[in-house]
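Accompanying notes for the structure given below.
The values are calculated or read from the model by the stated rules, or taken from the named source; none is laboratory data. Computed from a predicted structure; not experimentally measured. Using ideal geometry, Cβ is built from the backbone for each residue, glycine included, and neighbour counts are taken over all protein chains shown. Note: areas computed on protein heavy atoms with side chains; ligands, DNA, RNA excluded. Shrake-Rupley method; radii C 1.70, N 1.55, O 1.52, S 1.80 Å.
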Amino acid sequence: MSDQPARTVTLTDLLRIPSLRWMTVVAGAATGLLLAIGYLVVAPPAASATAVVAVRPVVTDAFTYPGAGADRSVNMNVESGIAASTEVLSRIAEARSSDVVEVRRALEIEVPTGGQILRFTYSTGTVDDAVDTVNLAAATYLQVRQEMYERQRTDMLASYDESIVKVAEQQDAAQSRVANANSTPAADAALAEFGSLSNQLTELNAARTEIAAIDVTPGWITQSAQQQLSTDGPPGILYLAAGLLVGAVLGVLLTYLRESVDRRIRSEAEASEVAGLPLLGTVRRRGLRVDARTVDADVRYVGMAIAEQLRQAVRTPVVVISSRNREDTTPMTASLAVALAADGRDVYIGDDSHRVTALRDALLADRRRVPSGPFVPAQPGGGAPTPPGGAAPTPPGAAEQRSGDSGDPESTLIFSLPNADQDRTVILPRVTDNADAPAGPARRPSPRPTPGTGQSQPSGGDRSATGDRPAGDGGPVVATIPVRTLPADALTVGAGMVRIGLYAQAPRDGEIVLFNAPPAESDERGVREARAGTAIVVVERDRTRLADLRRLTDRLRAAGAEPLGFVLTGSGRG
């Protein structure tokens, strides 16, 4: 049974998959373009021109119709061989200052069935060269063919002339014998021989006359090549465009092939079906319709949702884990820490994978988006700190009255120093005349601080530079100001603080521990630590593989870990 869930592929998926795997499409298009360039280098596009030659049979009477079977009076295969002979090609190459091999490769000779014509087609780089060369080829063929018939006629005439000379000499010898004959029989024999030689000589002269009268014209160019009749080959840019298009189509097909063997998370429903965990939130991908502020808001909403889940029952450490390195958990860990700290929690982020610097940068970036306000530590009586968004923050240099354990509204004074750091907000307890005096009505301290000290001056009595108020018997009573001291590596966020360090140095109590776990495929520490706390799985849309997500959730459950849910982010590229 397949380990991948069945899902319906929609038209959106068909268009979205190539856009997500755009590198494969680009690689295919580049490959097609390179192949087209290679083809143009090996076989560049050429213009072609055509000329037609009508082959004329050599006959004794040029004005007599040859009758039936005229197409057999000339052997067109022989004529095609003559047109493509070395002598014709050599003359063309010499006239065009080119190579014989190039001419042979570019010249094409076609013999239509049942006709006495030759169709010459020549392909070269430009139309002008093609027209000039093909016309030259047709004329050269006719010239070579005429020279061949003329040589044959000359040889035949020379043979007849030689025979005529011999017969004339024999006739002269017979005539001499007739004149010198001493007897009638000898004279009759010589006379008969003379008559025979005369007839033979007459026949030879008649045959020679016919041979000499033969028209050896080989034919005519019935259609010469012209620029208007020539066809220019497809331009190089067309080959390049075709190669680019074919390569892109092959790249798209390859993306579908990769999608069939390498399935990725494409939607919330698909991730929920594979992981079997609730969705804690979605962070969209930055694009044309989604700007950076919208993405940051998504991250903060996810952090608040996770913080609300942790508010019910916090089990530390909270392990933020993913399958592979491609799903970076650092931004989500930092955003979750900011959300928890803004809610009044103290958070410690632990990391053992050399990502402390990246965590600090992300934490500082998210910290700037949290509304600033005075840091109010817990009251000595156990009262809850003022939540962000509750009572209006005390302006710098002003005092606020709070009731302590005694219920006296004047027993406690919360004071923020002007132009000071948030961590220096102090609580002033009620001031009495002496340490042993019972709690009773006391004079309310003045909210106006003594310059340079940050302490309130009591209203009435002598005021000293240190803020001491003299008692009734003349002895000074000094007010006690408890101030919360933050660690040197702590960053205040809202009403809480965040510390970053190695996970091995994480505190065991007092702070919520976030573990920025390494990828589960290569390191099992995240799954091991999740057994003692809870786990948050980070899934990146179009990047996390279905098989990896299913394997991670199975490992968490098999190890006894308690996954809180998963967060779907959109920073992947597919």
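Residue by residue through the stretch 532-556, note down the ones that are in a helix (DSSP H, G or I) and either open to solvent by less than 40 Å² (accessible area, probe 1.4 Å) or of a type in the set (A, V, I, L, M) (or both).
Once the filter is applied, which keeps residues that are in a helix (DSSP H, G or I) and either open to solvent by less than 40 Å² (accessible area, probe 1.4 Å) or of a type in the set (A, V, I, L, M) (or both), the stretch 532-556 yields 546, 547, 548, 549, 552, 553, 556.
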>> Let me confirm something: among 71, 99, which residue is of a type in the set (D, E, K, R) and at pLDDT below 85?
In response: 71
>> Between a residue in the stretch 1-24 that is more than 14 Å from residue 259 (Cβ to Cβ) and any residue that is at pLDDT 60 or above and open to solvent by less than 60 Å² (accessible area, probe 1.4 Å), which pairs come within a Cβ distance under 7 Å, given they are 6 or more apart or on different chains?
In response: 3/547; 3/550; 5/274
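Could you grab me the full set of residues in the stretch 517-531 that are touching a helix residue (DSSP H, G or I) at 6+ places or on another chain (Cβ under 7 Å) and either open to solvent by 50 Å² or more (accessible area, probe 1.4 Å) or within 15 Å of residue 275 (Cβ to Cβ) (or both)?
Initially, the stretch 517-531 is screened for residues touching a helix residue (DSSP H, G or I) at 6+ places or on another chain (Cβ under 7 Å), giving 517-518, 520-521, 527, 530.
Residues satisfying the conditions are 520, 521, 527, 530.
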>> Every residue in the stretch 252-291 that is hydrophobic (A, V, I, L, M, F, W, C), surrounded by 15 or more Cβ atoms within 10 Å (Cβ to Cβ), part of a loop (DSSP other than H, G, I, E, B) and under 22 Å from the mean Cα position of the chain (by Cα), please.
In response: 265
> Identify, please: which residue in the stretch 15-52 is crowded, with 20+ Cβ neighbours inside 10 Å and in contact with a Pro (Cβ under 9 Å, 6 or more places away or on another chain) and is, among those, farthest from residue 118 (Cα to Cα)?
Replying inline: 24
>> Restricting to the stretch 315-337, count the residues that are open to solvent by less than 10 Å² (accessible area, probe 1.4 Å) and more than 32 Å from the chain's Cα centre (by Cα).
In response: 4
>> Please go through (1) farther than 30 Å from residue 117 by Cβ; (2) in contact with a helix residue (DSSP H, G or I) (Cβ under 6 Å, 6 or more places away or on another chain) for residue 260 and return the number of the only condition it doesn't satisfy.
In response: (2)
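Listed here are the residues, each with its yes/no results for (1) under 14 Å from residue 497 (Cα atoms); (2) in a helix (DSSP H, G or I); (3) not β-branched (Val, Ile, Thr).
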| position | (1), (2), (3) |
| --- | --- |
| 311 | no, yes, yes |
| 324 | no, no, yes |
| 357 | no, yes, no |
| 362 | no, yes, yes |
> Counting just the residues of the stretch 557-574 that are within 25 Å of residue 21 (Cβ to Cβ) and open to solvent by less than 10 Å² (accessible area, probe 1.4 Å), which one comes out farthest from the chain's Cα centre (by Cα)?
Replying inline: 566
>> I need the full set of residues from the stretch 294-304 which are in contact with a strand residue (DSSP E or B) (Cβ under 7 Å, 6 or more places away or on another chain) and crowded, with 17+ Cβ neighbours inside 10 Å, in order please.
In response: 295, 298, 299, 302
>> Show the residue pairs meeting these rules: Cβ distance below 6 Å; 6+ apart or different chains; first residue within the stretch 208-219 and over 12 Å from residue 153 (Cβ atoms) and in contact (Cβ under 8 Å) with a residue 12 or more places away in the chain; second residue part of a strand (DSSP E or B) and of a type outside the set (Gly, Ala, Ser).
In response: 219/53; 219/55
> From the list 191, 197, 118, which residue is open to solvent by less than 60 Å² (accessible area, probe 1.4 Å) and in a helix (DSSP H, G or I)?
Replying inline: 197
> Pairs under 8 Å by beta carbon, first residue closer than 24 Å to residue 54 by Cβ and open to solvent by less than 80 Å² (accessible area, probe 1.4 Å) in the stretch 85-110, partner among the charged types (D, E, K, R) and outside any helix (DSSP H, G or I), six or more apart or different chains?
Replying inline: 109/119
>> Looking for something in contact (Cβ under 8 Å) with a residue 40 or more places away in the chain and assigned to a helix (DSSP H, G or I) - is there at least one such residue anywhere in the stretch 171-188?
In response: no
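From the list 108, 102, 147, exactly one residue is under 60 Å from the mean Cα position of the chain (by Cα), acidic (Asp, Glu) and under 19 Å from residue 220 (Cα atoms). Which is it?
Exactly one residue qualifies, and that residue is 108.
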> Is it the case that the stretch 127-145 has a residue that's open to solvent by 30 Å² or more (accessible area, probe 1.4 Å) and farther than 17 Å from residue 224 by Cβ?
Replying inline: no
